[in-house]
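Engineer: Let me give you the structure first, and then I'll get to my questions.
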Amino acid sequence: MRALIILTLLAVLMMTATCYVSIYSEQPLAFSDPFINRRRAHDFIQADTRLEAMSQERIRERNKAPQERQREICEDYYPCELYAFRHGYDAAYRHYFGRRRTK
C-alpha cells in the first residue's frame, strides 16, 4: 500500500513537471528561424583582432624610423655589420654609406 502511494505521488510530480505550460513555452524559440537580417548579423560576429594587428604591423613596417632603416641596410652588408659591433650602427652606417649622396 505504501509503495502504491509513493508511485502515485511520483506520477503526479512527473506530470506536473512535464505538462506545465508557461508563457515561455507558448512563445516561439528565438533561434527557430535560421536566417537573420544583416544588421543583426554584425552584432555577434566580431572582426578578428589578429588580422587587425597584422595590418597595423604592416603599416608600422612601411613607416620605419630613419635609424631603423639605416640599421637594416648596415645589417645586410657584412663589413658594415662587423664595424657596427665595434663602433655602433650609427658610426658604421656613416663609415660605409654616409659618403654616398645621390642628387
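Engineer: Taking the Cβ of G88 as the center, what net charge do the other residues with Cβ under 11 Å away carry, scoring Lys and Arg +1 and Asp and Glu -1?
Structural biologist: Values: positive: R71, R86, R94; negative: D90.
Its environment carries a net charge of +2.
Engineer: Across region 2-11, in residue order, what do the Karplus-derived ³J(HN,Hα) couplings come to in whole Hz, using 6.51 cos²θ - 1.76 cosθ + 1.60 with θ = phi - 60° and x for Gly and Pro?
Structural biologist: Working through the residues one at a time gives 5, 5, 5, 5, 5, 5, 5, 4, 5, 5 Hz.
Coordinate-derived values only; no laboratory data. Every value quoted in this text rests on a predicted model; they were computed, and no experiment measured them. Ideal geometry is used to build each Cβ from the backbone, glycine not excepted, and the neighbour counts take in all protein chains shown.
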